[in-house]
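So the structure is just underneath, and the comments pick up after that.
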Amino acid sequence: MTDKISRRDLLKMIGVSAVAAGVAAAPLVKVFARPAGQDAVTLRFQENADDYAAVVAAFNELFPNVTIEFVNVTGVDHAEIASKILAQLAAGTPVNIGYAATEATQLYAGEGLAMSLTERALADSAEMADYFADVSPTLIEGMMYEGDLYQLPRDFNAAHIYFNKSLLEEAGIEVPGEEWTKDDFLAIAQATTGIGPDSDSFGYGWTNRLWGSWTPWFFVNNTNLLTEERAPGGEAIWSTFYADQPLAEGRGGGWRWPAPQANNPDMVEALEFVVGLTDAGLTPQVEIGGGDRLQGFFVSNKLAMTIAGGFWAGSLNNAGMEPGSFEVQYFPAWKSQRHQFGTGGAWILNGGGGEDAAWEFLKFNSRVETMLMIPWMANASTTPVRRSMNTAEYWGQTGMENWHVFYDALDQRPDTAPIPAPVFSIEMTNIYTRFTSLATSGEMTPQAALDGMQAELEALYARN
Amino acid sequence: MVSKTATQPPQRNIIRRWLAADTLSGIKRQRAILGYLFLLPTIIGLVVFIVGPMIGSLALSLYKWNVFRPPEFIGLDNFERLFSDARILVGYRNTAILVVMTVSLLEVLAFTLAMLVHKISNRFLSTFFRTAYFLPVLLSGAATAVTLGYLFHYDFGVINYYLGMIGIEKIKWLISSDVVLIAIALTTVWRNLGFTFIIYLGGIASLPTEVLEAAEVDGARGLQRITRIILPLLSPTILFASVTDIIKMLQFFDEPFIMTRGGPGDSSRTVVMMMYESGFGNLEFGYASAIALSLFIVILGVTGVQFYLSKRWVFYR
Amino acid sequence: MTSSNVMSAPVGRTSSRRGFAWYQKQFGRTVSMAFLIFMAMLTLMPFLWVVSTSLRSPAQSFNLPPQWIPVDMDFSNYARVFEEIPFWQQMGNSFFITLAVVFGQLATASLAGYAFARLKFPGRNILFWVVLATMMIPGQATIIPVFIVISRVLGLTDTLGALIYPGLATAFGTFLLRQYFMGIPDDFEEAALVEGANQWQIFRKIYFPLASPGMAILAVLTFNAKWNDYFTPLIFMSTKERFPITLGIVDLQGYMATGSISVVLAGIVLSTIPVIIIYVLGQRYLVEGLMMGGVKG
């Protein structure tokens, strides 16, 4: 019973657990869809059980042999949700059907996690013709990568400006028309600051993130954080489903963002404009994160304008704003009026088993009736990708007159494009928001902040 | 014993006698075996859920692994990168500042409050204060961050409002690199005060009253009483409280993550945040493990120093 | 607790009993009371804000000056909480997990703490250092290997067990109780040995009860930590019905964080109430424990 013995025991214990941990740490993509019996398949589906209960029940009437297990992943933003999904993958229990937004599309596709849907879509083209006819090619292109389609978009959101009508009325301003400019915007922001029931309103507010922060501003200033080009390929999709559509011309196999250009003069100009709004006292403190705080201010009549997509409409109603007390419009024009959007859809795990059943589920979900079974789709808390769903009735719940801008951002504006989101978009977003925060807090000039951002983005590209 | 054991098999007999021996070595053996037995559940739990995974992480730090591709052995590259990474240094700097600010404020405040509350003879009042101070501890880190994030808001926050009423200009609590660490420190102190307070309360309550009374009769009063008598007697408690608090704060994550996401820039980014971001954000699990390892060593070092110094000032009865 | 008279009237100065020293003492008491009340206000203020804002509609939430006492109580936010999440089930989960861990930790930590404090065995110091060292490992560092252990090795993902088993052993609790056990003099053991008690009885009948203040503290702190744990359930649990309540509250934020703030705050209030109740109840035992813990001569 000497010290030596117990130390030896301790080391043995350590050795054993090290081996165990080492073995367990090797990532093995097993077959996770468990086929039990002849045709029965179980699929792990990344979604909220409550929202999809009706959908799954209806699906099971057609396909009783498929069991859907829900994996409810929560997060503040899409990047965070992607991180959680990856954590599950790292630990060996990934989902069979995931849901990803633009922020993660190329991540899953580029790393081989998501399965290409092109062949299946073409094989079932008769069945899918209705869906593709109803969905703008802009969205489809946004879910393609290097020539193949990886997701079927379900909903999307382009960045528009929302107006708090009571503040506008108090300032004696009308909701502007479609062609309004950045100068009109500035005038409205100035006129609506410092009014309201407590005389402490702000004209314009925004959140520091990737989608809808100052991104729409550099889009309308006709530039981008990264250079853009279209990947080749995708002809099969375009010719099969969009043969006669002018909007589908010139489209390729998905977006590529080959190099960073964070500090080009137009980018600097856009950032200077936005930071200038804070300096002029027109914007409350800018924070990183989701938009819940902004919504609170908007609803309490302390914020006149902010950026949001279709997803705000329904939730403003939920938060207690009367239909008709808020309105929406296209983003104001600057050197252009190019809009940015993000879209989301389901993807199928590569090599996870049960792909056929998963594909049936995806097709089932692309139908209008199915989409309407999802509560928050039905109550206008997002923008459906299907044109036929974007009707006066659907949006009428919100009381907005300009609801057509949501889908028209795609149909009427061929230059609308997705937010820049290459394979390493999570890391890119961190760099983007970090330097943006230094500029908005006034600790770095926009030029210096963007120079710093560019340097780190270049290093990021070099590492990948 | 002879009659009972006559029917038992010989081996058990020997063992039982060995264990039950009234000799000194018998007791020693009892204690030793009991010691190991008592420790078993804890050791098993810690090995399976902490030591083992830590070693797994250690192994991981020698690899480059981004989840999608198989891990690639790169030896000490992660550590080389760690040492030349300016941002990690900033993370350590921030963590150090936060730890110093938070822990010093915590220990002083908690001790003072515990001393004062201890003296209250009114049952109702003392329960009231005890509950009031402990209440923030009951909130989750996320809830605290959300709430105080609102209160510290530059434009619409309650704190700036009241500061304005007494003539102080609005402070950019969460949006200025100069002040953000103070805001987070205050949030953390608010949330953790009750915890440390209870520890000190327990410690003060178990101070031997006869020693205190004897000291008073001898004329010790006020500050002398505190520094010469109470603090030394309380030293095991102080050691415990400060070691625990420092270790906790070095691992700081929830509040800065939720309140500022590390901003503006990197000014409120702690080391654990950076580790989390490299791993779960940038998918560089090898590098993240290297960061975790460096933090572990730092914590080990700091605690080791504390214990070493404690030999000088801690006094066990 | 020393009587106040002893302090203000040192032997030999009876004539100044009501003099300067007395007034000084009264002033001291007033100042300390004021300080205590001020600190209490500071700690309670955010709570008041949460409660009062949760009773207001979102449109009113940010009005300044804040209405500390809401004029029109809008309880609909609370009703919304019940609509949006399976509140009672998640509460049940939280209770089950937390109580299991608390009792588990009391058991393992008292045994281990006693062993380190009072039992001599080879390798004791090294083992204690190892145990202590585990406290310094950031939880986030081990989360992926732990997930692997739980999911692949033990097959417990998405069960309550995933949140319970890792929490049963505690370095912190062991450390805490070790300090408590070390603070209890050896005399008791010597007396018991003379009476012929064996080690186990010494532990169970004498030292274990004497350390009850330490255990009360451990119980309260562990309850609180486990109840509020957010990060681990986030990783391990996938089905809403198995979430503990802290995770359920985050659900209230909705898709892309567009849930109403007042509802989220209402959720926070609701999920904190049980913990507060437990604390208020356990507080009495804490006090008695603290009183008993003082070793009388």
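How would C:232, A:440, A:382 line up from fewest to most surrounding beta-carbon atoms within 10 angstrom? Walk me through the numbers on the way to the answer.
Working: C:232 21, A:440 28, A:382 24.
Least to most surrounded, the residues fall as C:232, A:382, A:440.
Each of C:126, C:276 has some number of other Cβ atoms within 10 Å of its Cβ, and from fewest to most they run C:126, C:276. Between the listed residues B:129, B:159, B:290, the Cα displaced farthest toward the positive end of the dipole of the stretch B:80-313, a dipole computed from Cβ unit charges relative to the Cα centre, is found at B:129.
Two numbers describe the Cα atoms of chain A: Rg and Dmax, which are 24.1, 89 Å.
How do the peptides B:168-177, B:268-277 rank, highest first, by the average count of neighbouring beta carbon atoms within 10 Å per residue? Could you put the intermediate results ahead of the total?
Values: B:168-177: 18.2, B:268-277: 24.6.
Taking the mean over residues of other Cβ atoms within 10 Å, the ranking is B:268-277, B:168-177.
For the peptide B:262-273, the mean number of other protein chain Cβ atoms found within 10 angstrom of a residue's Cβ is 5. Residue by residue, the stretch B:90-95 carries 3J(HN,Hα) couplings of 4, x, 5, 4, 4, 4 Hz when phi is fed to the Karplus relation 6.51 cos²θ - 1.76 cosθ + 1.60 (θ = phi - 60°); x denotes Gly or Pro.
Relative contact order of chain B, please, whole-number percent, based on alpha carbon pairs below 8 angstrom and at least 6 residues apart. Computed value for chain B: 25 percent relative contact order. Gain on full extension, evaluated as 0.36 nm per residue between residue B:182 and residue B:121 minus their Cα-Cα distance, stands at 18.4 nm.
For the protein assembly as shown, the Cβ-based charge dipole about the Cα centre amounts to some 7420 debye (Lys, Arg positive; Asp, Glu negative; other atoms uncharged).
Taking 7 Å steps out from each Cα toward its Cβ at residue C:21 and residue A:119 produces label points 9.7 nm apart. Going by neighbour counts of Cβ atoms within 10 Å, the residues A:275, C:194 line up, fewest first, as C:194, A:275.
For peptide B:147-160, what's the mean number of Cβ atoms from other chains within 10 Å of each residue's Cβ?
On the way: counts 7, 2, 3, 10, 5, 1, 6, 4, 11, 15, 4, 9, 2, 1.
Per-residue shielding by partner chains comes out at 6.
The Cα center of the stretch A:269-284 and the Cα center of the stretch A:126-164 differ in position by 33 Å.
When the charge dipole of the protein assembly as shown is built from unit charges on Cβ atoms (+1 for Lys and Arg, -1 for Asp and Glu) and taken about the Cα centre, the candidate among A:281, A:89, A:258 whose Cα reaches farthest toward its positive end is A:89. Here the relative contact order of the stretch A:42-195, from alpha carbon pairs under 8 Å that lie six or more residues apart, stands at 17 percent.
Give, rounded to the nearest 20 debye, the magnitude of the charge dipole that chain A has about its Cα centre when Lys and Arg contribute +1 at Cβ and Asp and Glu contribute -1 at Cβ.
Numbers: 27 positive and 57 negative charges, 358 e Å.
Dipole magnitude for chain A comes out near 1720 debye.
With 31 Å as the limit on Cα-Cα distance, the pairs of A:302/B:172; B:248/C:205; A:165/A:335; A:363/C:240 that go past it are B:248/C:205. Calculated FRET efficiency, residue A:129 and residue C:73, Cβ-Cβ r, R0 35 Å, to nearest 0.05? Once the sixth-power term is evaluated, E becomes 0.05. Counting only other chain Cβ atoms within 10 Å of each residue's Cβ, the peptide B:279-288 averages 6. Sorting C:197-206, B:229-238 by average packing, meaning the other beta carbons within 10 Å per residue, from highest down gives B:229-238, C:197-206. Peptides A:294-307, A:164-177 ordered by packing proxy, namely the average of other Cβ atoms within 10 Å per residue, highest first: A:294-307, A:164-177.
According to the square roots a ≥ b ≥ c of the eigenvalues of the Cα gyration tensor, what is the shape class of the stretch A:282-338, taking rounded for a/c under 1.5, prolate for a/b larger than b/c otherwise, and oblate for the remainder? Could the numbers behind the result be given before it?
Values: a/c = 1.83, a/b = 1.28, b/c = 1.43.
Oblate is the answer for the stretch A:282-338, as a/c is 1.5 or above yet b/c matches or exceeds a/b.
Counted by Cβ distance under 12 Å from residue A:125, the other residues give a net charge of -2, where Lys and Arg count +1 and Asp and Glu count -1.
Using the scaling law 2.2 N^0.38 Å as the reference, what is the normalised Cα Rg of the protein assembly as shown?
Dividing the Cα Rg of the protein assembly as shown by 2.2 N^0.38 Å gives 1.02.
Comparing A:121, A:330, A:78 along the charge dipole axis of chain A, the residue lying farthest to the positive side is A:78, per the Cβ-charge model.
Please give the charge dipole size of the stretch B:80-313, origin at the Cα centre, charges +1 on K and R Cβ atoms and -1 on D and E Cβ atoms. Round to the nearest 20 debye. Please list the in-between numbers first.
Values: 17 positive and 16 negative charges, 68 e Å.
That gives a dipole near 320 debye.
Within chain A, antiparallel bridges make up roughly 70 percent of the DSSP beta bridges whose residues both belong there. Across chain A, the mean sequence separation of Cα contacts (distance under 8 Å, 6 or more residues apart), normalised by length, yields a relative contact order of 25 percent.
Quick one, could you list the DSSP H helices from chain A stretching 30 Å or more along their long axis (Cα atoms) with average Kyte-Doolittle hydropathy of -1.0 or above? Taking the DSSP H segments of chain A (at least 30 Å long, mean hydropathy at least -1.0), we get A:3-25.
Mind running the shape call on chain B? Use the C-alpha gyration tensor, a ≥ b ≥ c as the square roots of the eigenvalues: rounded below 1.5 for a/c, prolate if a/b tops b/c, oblate otherwise.
On the way: a/c = 2.45, a/b = 1.20, b/c = 2.04.
Verdict is oblate for chain B.
Read-outs throughout are calculated quantities, based only on the coordinates presented, and are distinct from any laboratory measurement. Keep in mind it's a predicted model, so treat the numbers as computed, not measured. As a convention, Cβ positions derive from the backbone with ideal geometry for all residues, glycine included, and neighbour counts pool all protein chains shown.
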